[in-house]
Amino acid sequence: MGDYILLAVGAILVNNILLIQYLGNCPFLGTSKSMDNATGMAMAVVFVLALAGIVTWIFEAVFLKPLGLEYMRTIVFIVVIAALVQFVEIFMKKSMPALYAGLGIFLPLITTNCAVMGVCLINIKEEYNFMEMLISSIAYPAGFGLALILFAGLRERIIIGRVPGPLQDVSIALVTAGFMSLSFLGFKGMI
Amino acid sequence: MIEALLLMMGLGAVSGLLLGIASKVFYVWEDPRIALVTDCLAGANCGGCGYTGCGACAGAIVSGKADVGACIVAGADGAAKVAAVLGMEAGAAETLTSENTCTGGFRAPEKFSYMGVNDCRAAYLLYAGAKDCDVGCLGFGSCVKACLFDALKIGPDGYPVVDVEKCVGCGACEKACPKGIMQVRKPSDRILHMNLVTDRLAPCRQTCPAEINIPKYINHIKNKEYDKAYLTIMERNPFPLSCGRVCPHPCEDACRRALADDPVSINQLKRFCSDWVFDEGAQVKIPVAPDTGYKVAIVGGGPSGLTAAFYLRRLGHKVKIFEWLPKLGGMIYYGIPQYRLPKENLYQDIDRILGLGGIEVKTGVKFGVDFNLESLVGGGFDAVLMTIGAMNHASARIPDEDKVKGVVPATVFLRKQGLGDPYPIGKNVAVIGGGNVAMDCLRSSIRLGAENVYCLYRREVKDMPANKVEVEACHHEGIQFIPLCTPKKFVSDDEGNLTGIEYIKNELGEPDASGRRSPVAIEGSETVLPIDNFVLAIGQTTNSAFADEEGTASSRLDTNRGSIVNDTDTHQTTIPYVFTSGDCAGPPGLLVAAVGAGRRAARGIHKYLMGEDMALPPTRLRVDSRRMKGHIPGTIFESIEGVQQKGRIAQPELEPGSYERNHTYAEVDLTVTEEEALKEANRCMQCCLTCYNPDI
């Protein structure tokens, strides 16, 4: 049990997918201008990654490993995740219209996003068992959401501040992200 | 190698099959137009329209919740394509523009000195900003920063100025402003807006029964943008030439400048800029909303009906006007004589209204005789507006007033004059009444050749409800006033022709409900005044006899002393699809009040047709312009400072006593010169709720 908690804390804080591993930076900058968008994106990433993690882990176990096709992993995962997200979108539109209205526009944006892809590959590389894979597939996107929402809060305040012309918008956002990343490095000593 | 190929092919096939099946199994019916509209949008999923992505925006457009021009990125071209998909006329989309509603800026006093972050939202967090005025602009330009199109800048006076050419109406400034000062509106939104207590309104603008944005048009005149001034007036009043001539301008009574010297001559400025537009033949473009497919019948082509027709058409409805007299214009055509309102000027206004297109006119048909509510509903009209005016005269309660030859009601007297067949009068004429209609009859009689014209009134001359300028003009034209008298009986010869009127003198007693002292007869003071004609001008009533006919739809209309009963906010009558405004909906009043009521009725009908909430917001501003009550608290001052004494411009008029003045119908009051108009416009202090521009 302790290992699982350690894994979760490690995934959320210590090895934060955005601020430490620098994966998924496009939605991090693109959807962090307002808190509403950031929350929607965070939920969508948790949702998609939990599904993608399970499906790719099973795919690895059932097809790639027995057939000795591990070298095909990246391309196979891209196809699998893309098809999965498309399928989920179609399914959600019919069966869960309320959820679709909330997450609708974010789903196509994160199809085979590098954070999604990255976590699926980490799951295999670290040779997680099913339970560990499940925790990692939820904890990593939770870390993503945490960083995104914190960042959106900062950016909403930065817009009000007096920012010198050349640094406005994305520039100051990247500087801020750098400082956030530095502060997250402080968690390194935890484990 | 083979396994890898097989795996990829298998994976591809399975994924494709799965998605194919899923799209059939989980198929959601969607309006096919949504896909077509989506293709016309920018496809950037930017969310600038306020919807989650282009698909959602397209859905909103198709369902009518969003405007065809909702996609800012696709711009006007995109809007035209969307309009084409939806079967609307291309280019019919109304443009959204941003407008700054606060003109305070640097001149507005501050409660404290704010030293924080230069941002309106940050400043607003501290006691709602430093400005003394609750609704004033803070001036840090959050809206300017929010504008992606460089259409906004903080002007020299410390408040934002919109560059209308660059503004795309995206609404970013409106969202950024913590005080709701930036408002992004379509022309039709502005037509539907009624003055609210929460608006930023100068005292004159609060008082005007038609709610014209007076400081704005005067500012345009100041900048020599006379056509823009005209268009500003047209947003509230489609009769600027006529109103500019005959309006008794209650707005000027509320003018803040009057506390220092004289009120600004607002009405002369209105007349000047409107005359300029027609004299110079300036091209003005009046926006019209896309067609809604609804048809409205307007019964009566008077000022209220024509105003309603103008605004209903601009809101996108088709209109047909039914008028029983040969000419449109109602009381202002037939009731107001040429020397006050030349017919050609009135018709310039009316032609501008009809020039919108989509307004049909049928004259020579009378409601209750040639057609009725059943035939209008049968004719495919979705709503009916009754603006039949008050064409019957009130009785003076003098015996035989309808039998003696030579006694004529003012309505008939003036209408015959308007029809070009004046009522024949003798040398001595008396008119009873003290209102503007009485003044019109008096001044017309002089022009028709009467030598002695008398005005009989039961109170004193100063109590007359007529405009002061009218009473003054009567004095100039040699009319004799006989105040404090009540006609008792007619004196006639053997053939029944009027030869004189016997009246009794009054003295003033105790004040009555209206606050005026009521006249009391002095016994034994009977006097006979020799006259040939007697005009009854003591009030008018509505002929609503059709509402008494059992078994007709009209019988469901409630009437009160002839007037058709309505809700004074929505103008709806007891029949949901029938509305009424103008003189027939209450005591007859001013042209400008009929115009204001016409726009309110148009709003009521629009809300009714579109199935929207018809009630006005509880914050509706209700000003009684006659008693000068009901203004926004704190906006009517006792005194003002920092104003130099600069008297107002005079009213140019035809020389009193001249041949033209007394014997022709030439217009008496003239338009001011451009130089004078600019001088007067510069006297305007551009007031808002509490702040104003003092003279420097």
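The numbers here are math on the coordinates, done by the rules we state, and not lab data. Note that this is a predicted model, so its numbers are computed, not measured. Cβ placement follows ideal geometry from the backbone for every residue including glycine, while neighbour counts extend to all protein chains displayed.
Scalar couplings 3J(HN,Hα) for region B:659-671, obtained by applying the Karplus form with A = 6.51, B = -1.76, C = 1.60 to θ = phi - 60°, are 4, 4, 5, 9, 10, 10, 9, 4, 4, 7, 7, 10, 7 Hz; x denotes Gly and Pro. Of the trypsin sites (Lys or Arg not before Pro) found in region B:266-309, those that fall in a DSSP loop while having at most 16 other beta-carbon atoms within 10 Å are B:K285. Considering the zone a paramagnetic label at B:V377 would reach in this model (a point 7 Å from Cα along the Cα-to-Cβ line), which residues of region B:554-571 have amide N under 12 Å from it? Those under the cut-off are B:554-557. Express in % the proportion of alpha carbon pairs of chain A at distances exceeding 31 Å. So the portion of pairs separated by more than 31 Å is 21 percent. Okay, which of region A:21-43 sit inside 16 Å, backbone N to the point 7 Å along the Cα-Cβ direction of A:S183? Those under the cut-off are none; the list is empty. Placing pseudo-labels 7 Å out from each Cα toward the beta carbon at A:F91 and B:D261 gives an inter-label distance of 8.0 nm. Take the Cα of A:R162, step 7 Å toward its Cβ, do the same at B:K153, and the gap between the two points is 2.1 nm.
Please report the net charge: other residues with Cβ closer than 14 Å to the Cβ of A:G153, K and R +1, D and E -1.
+1
Distance from the alpha carbon centroid of region A:132-191 to that of region B:671-696 works out to 55 angstrom. Taken about its Cα centre, the protein assembly as shown carries a charge dipole of roughly 1380 debye when the Cβ of each Lys and Arg holds +1 and the Cβ of each Asp and Glu holds -1.
Would you mind counting up the charge near B:S525? Only other residues with Cβ under 14 Å from its Cβ, with Lys and Arg at +1 and Asp and Glu at -1. Could you put the intermediate results ahead of the total?
Numbers: positive: B:R458, B:K488, B:K505; negative: B:E502, B:E507, B:E523, B:E526.
Result for the neighbourhood of B:S525: -1.
By the rule of a C-alpha distance below 23 Å, with chain neighbours fewer than 8 residues away ignored, the lysines paired with A:K188 are A:K125. For chain A, the mean residue ellipticity at 222 nm estimated from helices alone is -22500 deg cm²/dmol, where every DSSP H run of n ≥ 4 contributes -39500 (n - 2.57) and the total is divided by all residues, rounded to the nearest 500.
Hey, what number do you get for chain B at 222 nm if only DSSP H runs of n ≥ 4 count, each worth -39500 (n - 2.57), divided across all residues, to the nearest 500? When only DSSP H runs of four or more count, the value is -9000 deg cm²/dmol.
The distance separating the Cα centre of region B:431-458 from that of region B:269-300 comes to 35 Å. The gain in end-to-end length when the B:T574 to B:E344 segment is fully stretched comes to 79.0 nm, 0.36 nm per residue minus the alpha carbon separation. Counting only C-alpha contacts under 8 Å and six or more residues apart, can you give the relative contact order of chain A as a whole percent? Computed value for chain A: 44 percent relative contact order.
Applying a threshold of 20 Å to the alpha-carbon distances of B:K131/B:K179; B:K166/B:K224; B:K228/B:K679 flags B:K166/B:K224 as lying beyond it. What the pair-distance distribution of chain B shows, using all Cα-Cα distances binned every 20 Å from zero, is 15, 44, 29, 9, 2, 1, 0 percent. Bridges between two residues of chain B, per DSSP, are antiparallel at a rate of about 50%.
Each part gets one Cα centre, and for region B:1-65 versus region B:486-563 those centres are 77 Å apart.
Fewest neighbouring Cβ atoms within 10 Å first, the residues B:V117, B:V643 line up as B:V117, B:V643.
At an R0 of 41 angstrom, the distance between the Cβ atoms of A:A98 and A:I78 translates into a FRET efficiency of 0.85. Span-like helix criteria (full DSSP H runs; alpha carbon extent of at least 20 Å along the helix axis; mean Kyte-Doolittle hydropathy of at least -1.0) are satisfied in chain B by B:2-25, B:591-609.
How charged is the neighbourhood of B:K462? Take every other residue with its Cβ under 14 Å from the Cβ of B:K462, and add Lys/Arg as +1 and Asp/Glu as -1. Result for the local shell: +1.
Each residue, B:E472 and B:R397, gets one label point 7 Å from its Cα in the Cβ direction; the gap between the two is 3.5 nm.
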